[in-house]
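**Q** This is the structure I have questions about; it appears just below.
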Amino acid sequence: MEENISKLQELINSSSKIVFFGGAGVSTESGIPDFRSTDGLYHQKWDYPPETILSHEFFFGKTKEFYRFYREKLLVSGIEPNAAHKKLAEMEEKGKLLAVITQNIDGLHQSAGSKKVLELHGSTLRNYCTKCGKFYDADYIRDNSDEEGIPRCMECGGLIKPDVVLYNEGLDDKCVSDSINALMEADLLIIGGTSLTVYPAAGLIQYYRGKDIVLINRDPGSGDNIASLAIHDSIGKVLSQIKV
């Protein structure tokens, strides 16, 4: 491990346009469960499979059930950024990091101080009325609902939807474009906490034009074969040892 940390430190020292591409594993160390690990949401009992509940069709067809799951499983509170979030914010502040591209929807990168965060799947911190477009924060969704448990707009009574990309919804065009531009400009790509199995998000890394890719994941995976350096350990533990 010490040798791998030294190699990572060398790569970071010699780079000035780093892009970090992250997934659920970045936030699990803050206490947010991921979807596909043995203790993730996919392995917890629910009335419907999570991938069904978190779909466009389910949201509009069974909104009450959607929000029952959403409030309990995804609208987390009292969660703080971990060492990985904080180190990435420090790297940006020091002018080493171009952008964080994340598949997470928890807003923890911004809480840690990161400014350039490209949220491919949106954020639970933003919610909007599907009728008039008025925006609401997560507290409103948590604390306000009609008799069926569905949050409604205080202005027009319209249905409020989380600003997250559900299954069978497309990614935001501008976010994708900005992510591609950052990847094409990067001189080092660090991938962390993702199995690289969620598309189309994972497909974006093909736009990286640099030489080295660092992959930091707790467990070995299929993505290891694209990495010039693969580290299998806690991402917070790894990044906290880096000096910038």
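The values are calculated or read from the model by the stated rules, or taken from the named source; none is laboratory data. Since this is a predicted model, take the numbers as computed values, not measurements. Heads up, the Cβs are rebuilt from the backbone with ideal geometry, glycines too, and the neighbour counts pull from every protein chain shown. For accessibility, only protein heavy atoms count, side chains too; no ligands or nucleic acids. Shrake-Rupley method; radii C 1.70, N 1.55, O 1.52, S 1.80 Å.
**Q** Go through segment 74-85 and count every residue that is surrounded by fewer than 17 Cβ atoms within 10 Å (Cβ to Cβ) and touching a helix residue (DSSP H, G or I) at 6+ places or on another chain (Cβ under 6 Å).
**A** Count: 0.
**Q** Same structure, new question: G192: open to solvent by less than 40 Å² (accessible area, probe 1.4 Å), under 29 Å from L75 (Cα atoms) and in contact with a strand residue (DSSP E or B) (Cβ under 9 Å, 6 or more places away or on another chain), yes or no?
**A** Yes; evaluated as a whole, the condition is true for this residue.
**Q** If you don't mind, another one. Got at least one residue in segment 57-73 being open to solvent by 30 Å² or more (accessible area, probe 1.4 Å), at pLDDT below 95 and either closer than 26 Å to I205 by Cα or in a loop (DSSP other than H, G, I, E, B) (or both)?
**A** Looking for residues that are open to solvent by 30 Å² or more (accessible area, probe 1.4 Å), at pLDDT below 95 and either closer than 26 Å to I205 by Cα or in a loop (DSSP other than H, G, I, E, B) (or both), one finds none in segment 57-73, hence no.
**Q** Still on this structure, please answer the following. For the list (1) surrounded by fewer than 18 Cβ atoms within 10 Å (Cβ to Cβ); (2) in contact (Cβ under 8 Å) with a residue 60 or more places away in the chain; (3) part of a helix (DSSP H, G or I), I need the number of the one condition that L88 fails.
**A** With (1) surrounded by fewer than 18 Cβ atoms within 10 Å (Cβ to Cβ); (2) in contact (Cβ under 8 Å) with a residue 60 or more places away in the chain; (3) part of a helix (DSSP H, G or I) applied to L88, the lone miss is (1).
**Q** Take segment 203-221 and flag every residue that is open to solvent by 90 Å² or more (accessible area, probe 1.4 Å) and of a type in the set (S, T, N, Q).
**A** Q206
**Q** Continuing with the same structure: Go through D34, D47 for me and flag whichever is out of contact with any His (no Cβ under 9 Å at 6 or more places or on another chain), over 18 Å from A227 (Cβ atoms), open to solvent by less than 50 Å² (accessible area, probe 1.4 Å) and at pLDDT below 95.
**A** D34
**Q** So, in segment 137-148, how many residues would count as being open to solvent by 20 Å² or more (accessible area, probe 1.4 Å) and under 21 Å from K62 (Cα atoms)?
**A** Residues flagged as open to solvent by 20 Å² or more (accessible area, probe 1.4 Å) and under 21 Å from K62 (Cα atoms) within segment 137-148 amount to 8.
**Q** Separate question: Pick from segment 122-164 the residues that are touching a residue at least 12 places away in the same chain (Cβ under 8 Å) and in a helix (DSSP H, G or I): which of them is nearest to the chain's Cα centre (by Cα)?
**A** Checked segment 122-164; the qualifying residue nearest to the chain's Cα centre (by Cα) is A138.
**Q** Filter segment 165-179 down to residues that are in contact (Cβ under 8 Å) with a residue 60 or more places away in the chain and of a type in the set (S, T, Y) and give me whichever is least open to solvent (accessible area, probe 1.4 Å).
**A** Across segment 165-179, the extreme among qualifying residues is S179.
**Q** Tally the residues that are surrounded by fewer than 18 Cβ atoms within 10 Å (Cβ to Cβ), within 20 Å of the chain's Cα centre (by Cα) and under 18 Å from K96 (Cα atoms), restricting the search to segment 222-244.
**A** Result for segment 222-244: 1.
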